[in-house]
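Chemist: Handing you this structure, nothing more for now.
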Amino acid sequence: MSCAYHHPTSAQAEPSLDSYASFIALANAQAEPQRLLWVFAKAELPNGYTESQHQHYLAGQGGALEPVLCVDKLPEEVADFATLVAESLETGVDWDIAFVASMAGRAGIAPNSDEAIQPLRLMLNKIQSGIIAEFLTFDKHGELVSLS
């Protein structure tokens, strides 16, 4: 998650990021309100794929992730993953993986959608370039996914 996070004092427990619910809780616990940046991607075979890549892809274990949809939301707008999935279904765009990052607000005010345009473009460019380590990733079931 790319939002700022203050280090807990010794009396505070380090928050666990192990689910969508804990991600939303962490976003809501930030010192400044957050805007979540979502990029949805579809797994596709890369250009010039090998037979091995094709077999892995058919087994659901590979492919290139191509961004197909992006949106920005406040944490309260997508408090549960089912809401996010339902909204994405309304677009008619199929996706396999959701990348997410966040932007911190200022002076107690969350960033607006206009302020999210450029960071979303940067996020899209990074994903298309394969620079994905800084983003959290979720599958269609809201499970955290580790991409290697």
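The numbers here are math on the coordinates, done by the rules we state, and not lab data. Model, not experiment: these values are computed from the prediction. Please note: Cβ atoms are built from the backbone with ideal geometry, for glycine as well, and neighbour counts cover all protein chains shown.
Chemist: Out of the residues in the stretch 67-95 that are surrounded by fewer than 18 Cβ atoms within 10 Å (Cβ to Cβ) and acidic (Asp, Glu), which is nearest to Leu147 (Cα to Cα)?
Modeler: Asp94
Chemist: Just to be sure I understand the filter: pairs with C-beta atoms under 6 Å, separated by 6 or more residues or on different chains, first member in the stretch 111-131 and surrounded by 12 or more Cβ atoms within 10 Å (Cβ to Cβ), second member of a type outside the set (A, V, I, L, M, F, W, C). Which pairs pass?
Modeler: Hits for this filter: Pro111/Arg35; Pro111/Gly105; Ser113/Asp72; Ala116/Arg35; Ala116/Asp72; Leu124/Pro67; Ile127/Pro67.
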